[in-house]
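The values are calculated or read from the model by the stated rules, or taken from the named source; none is laboratory data. Bear in mind the structure is a predicted one, so any value in this text is a computation, not a measurement. Cβ sites come from the backbone with ideal geometry, for glycine too, and all protein chains shown count toward neighbours.
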Amino acid sequence: MSSVSVSRLSKSYTLIKALDNVSFEVQKGELFGIVGPDGAGKTTLFRLLTTLILPDSGSAVVEDFDVVKDYASVRRIIGYMPGKFSLYQDLTVEENLNFFATVFNTTVKENYHLIEDIYKHIEPFKTRRAGKLSGGMKQKLALSCALIHKPKVLFLDEPTTGVDPVSRKEFWEMLLKLKSQGITIIVSTPYMDEARLCDRIALTQNGKFLRIDSPENIIASYQQKLWSVTADNMHGLLNDLRSCPYVKSSFSFGASYHVTMVESATAAMLDEYLRAKGYGDIEIGEIQPTVEDCFMLMLKEDEQ
Amino acid sequence: MKEEYVIQAENLTKRFGDFTAVDHITFNVRKGEIFGFLGANGAGKTTAMRMLCGLSRPSEGKGTVAGFDIECEPEKVKRNIGYMSQKFSLYEDLKVWENLRLYGGIYGMKDKEIAENTDAVLHSIDMESERDTMVCDLPLGWKQKLAFAVSTFHNPKIVFLDEPTGGVDPITRRRFWEQIYGAAASGITVFVTTHYMDEAEYCDRVSIMVDGRIRALDSPMALRNKFGVSDMDEVFRMLAREATRKGD
């Protein structure tokens with residue numbers, strides 16, 4: 001059963017086509033990730049689905065309600081955490097939470113079980129003004145406020161942007177717990193490593209959805225052999241890999257380079273080539289691609 | 001031969017009331033080095049960086065940046081450094097060349113020098129044909145490229161990059177690092193913060209701050225070996241978990 005259904009949705013601003021004919025379905029209880037860089041149209045999509053702006057064409061339905069015709073009903077059953085911190089800075093933590101509960105005609109007590117795991121981290125600071133909270137605490141408060149009316153669908157626009165790796169991990173653990181309670185979650189992120197934690201992801205660029213599938217299927221569809229290459233002089237190695245006739249693509253990936261080669265080439269041939277160039281400690285091993293490898297391959301194909 | 005240091009920090013400390021944001025940090029950064037400055041949100045990175053840029057006076061300790069004392073000569077520090085943040089400091093409604101002209105003027109460069117540098121810079125970032133394009137019409141990756149060129153336009157000894165790659169796609173992110181390598185190869189020292197741990201690997205050395213102190217400082221490979229793990233992500237997590245402070 002689908003919770004969110006988007007059909008041929010487009011939205012343009014004066015100069016840019018922010019969202020270009022996008023269609024997808026999100027199932028009830030699914031954790032759906034929208035992965036892509038700034039300018040991919042992520043925020044525009046969220047603003048359309050949360051009824052804050054109107055589409056130029058196409059339609060979208062959230063839990064059987066049309067985002068244009070039934071906007072008031074949509075608003076009642078969704079939770080939205082915008083990319084920019086949008087709570088009341090001069091209200092305290094507790095006042096913000098009470099405010100959002102009251103607006104939705106409920107109480108903090110009634111749905112406390114939903115936010116308990118998240119809210120307990122900030123409860124010791126409940127008399128502090130929201131504007132005075134740290135980034136991590138603001139994020140937890142914003143999520144608590146988006147959840148307090150027990151929404152059926154939760155929209156999270158880049159909740160982890162600018163957040164350090166440890167806090168990002170904690171945030172995703174919270175999302176997975178919420179998912180287990182049956183809430184449909186649509187979350188956007190520029191971080192490719194987070195894609196792996198979603199049931200399905202859409203890889204997006206310049207207002208278009210390049211691909212929608214599970215992370216496993218996206219990785220499985222990577223049709224080429226991928227090699228990890230390291231040697232003693234890593235700085236020089238990238239240029240020599242790029243000018244090597246066997247190499248199709250070469251990208252830095254943390255401590256190693258990820259390399260694809262032409263059909264006829266083998267690891268032994270590359271090893272010999274690099275050795276002739278004077279490299280030592282050469283290690284070449286076949287590896288499993290990540291979502292980031294897949295995304296880069298798609299971007300490259302898109303460029304050509 | 002004595003090593004040439006572009007940053008020297010000795011027991012640098014910043015207190016806000018009874019809260020010690022930066023707690024006696026001591027480190028040096030060599031000329032032409034790419035130095036990664038890592039830490040969880042709230043570890044004190046921004047405060048430390050503001051002191052090094054001459055924007056905030058230390059409560060205790062000493063520091064020199066580009067040869068100038070950060071406490072006594074903050075204006076000279078500012079003139080000799082470059083700075084770029086994730087919020088690219090470009091004027092969207094100015095043309096590409098006008099942005100370069102503006103920053104050259106702010107740093108007191110002569111008209112002739114600005115004109116020559118503009119040609120050279122646009123050539124080196126392959127944007128000669130975009131000279132008269134409005135910045136708002138440039139794709140994000142180009143803006144990033146230009147923002148970096150603007151931050152190094154006045155030939156600073158060192159450039160501070162505050163999460164410069166947030167929000168760009170993975171290919172553009174990697175191309176940007178090639179631009180950083182180019183700057184370092186030409187002798188500019190690069191001081192960079194990032195939340196992408198794969199980027200920590202691209203630095204010559206990295207420091208990791210926890211609760212206002214520098215808990216680790218070495219090359220990525222030495223840190224991986226020291227902690228017996230396979231990537232910087234794990235090094236970071238092991239150290240950041242020790243933090244008792246929360247958030248920023």
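Can you tell me which residues in the stretch A:271-300 are part of a helix (DSSP H, G or I) and farther than 27 Å from B:Met197 by Cβ?
A:Asp271, A:Glu272, A:Tyr273, A:Arg275, A:Ala276
Somewhere in the stretch A:222-229, is a residue of a type in the set (S, T, N, Q) and away from chain B (no Cβ under 14 Å)?
Scanning the stretch A:222-229 turns up at least one residue that is of a type in the set (S, T, N, Q) and away from chain B (no Cβ under 14 Å).
Within the stretch B:34-93, which strands (runs of 3 or more DSSP E) (wholly inside it) include 3 or more residues that are more than 14 Å from chain A (Cβ to nearest Cβ)?
The qualifying strands (runs of 3 or more DSSP E) are B:60-65, B:81-85.
Find the residue count for the stretch A:121-136, including only residues that are among the basic types (Lys, Arg) and either within 13 Å of chain B (Cβ to nearest Cβ) or part of a helix (DSSP H, G or I) (or both).
Of the residues in that region, 2 qualify.
Could you list, in sequence order, all residues of the stretch B:125-173 that are without any contact (Cβ under 8 Å) to a residue 24 or more places away in the chain and aromatic (Phe, Trp, Tyr)?
Once the filter is applied, which keeps residues that are without any contact (Cβ under 8 Å) to a residue 24 or more places away in the chain and aromatic (Phe, Trp, Tyr), the stretch B:125-173 yields only B:Trp142.
Looking at A:Leu141, A:Leu87 in this structure, which one is of a type outside the set (Ser, Thr, Tyr), crowded, with 20+ Cβ neighbours inside 10 Å, in the same structural domain as A:Arg200 (by TED's automatic domain parsing) and not in a loop (DSSP other than H, G, I, E, B)?
A:Leu141
Taking the stretch A:132-156, which residues are of a type in the set (S, T, N, Q) and modelled with pLDDT of 95 or more?
Residue satisfying the conditions is A:Ser144 alone.
Quick check on my filter: what residues within the stretch A:19-37 are buried (at least 21 other Cβ atoms within 10 Å of the Cβ) and either polar (S, T, N, Q) or within 13 Å of another protein chain (Cβ to nearest Cβ) (or both)?
Those that are buried (at least 21 other Cβ atoms within 10 Å of the Cβ) and either polar (S, T, N, Q) or within 13 Å of another protein chain (Cβ to nearest Cβ) (or both): A:Val35, A:Gly36, A:Pro37.
Of all residues in the stretch B:213-244 being under 21 Å from the mean Cα position of the chain (by Cα) and acidic (Asp, Glu), which is farthest from A:Ser167 (Cα to Cα)?
B:Asp218
Which one of A:Thr106, A:Thr14 is modelled with pLDDT of 95 or more and in a loop (DSSP other than H, G, I, E, B)?
One residue alone meets the criteria, A:Thr106.
Give the residue that is nearest to A:Leu147 (Cα to Cα), with candidates limited to residues of the stretch A:124-136 that are surrounded by 15 or more Cβ atoms within 10 Å (Cβ to Cβ) and without any contact (Cβ under 8 Å) to a residue 40 or more places away in the chain.
Residue satisfying both the conditions and the ranking: A:Gly136.
Considering only residues that are in a loop (DSSP other than H, G, I, E, B) and at pLDDT below 95, which ones fall in the stretch B:128-151?
B:Leu138, B:Pro139, listed by residue number.
Give the residue that is farthest from the other protein chains (Cβ to nearest Cβ), with candidates limited to residues of the stretch B:159-178 that are surrounded by fewer than 22 Cβ atoms within 10 Å (Cβ to Cβ) and part of a strand (DSSP E or B).
B:Val159
Sort through A:Leu241, A:Leu270, A:Leu237, A:Leu226 and tell me the only one that's touching a helix residue (DSSP H, G or I) at 6+ places or on another chain (Cβ under 7 Å) and either crowded, with 17+ Cβ neighbours inside 10 Å or in contact (Cβ under 8 Å) with a residue 40 or more places away in the chain (or both).
A:Leu226
What residue, among those in the stretch B:179-203 that are hydroxyl-bearing (Ser, Thr, Tyr) and buried (at least 19 other Cβ atoms within 10 Å of the Cβ), is farthest from the other protein chains (Cβ to nearest Cβ)?
Among residues in the stretch B:179-203 that are hydroxyl-bearing (Ser, Thr, Tyr) and buried (at least 19 other Cβ atoms within 10 Å of the Cβ), the one farthest from the other protein chains (Cβ to nearest Cβ) is B:Thr189.
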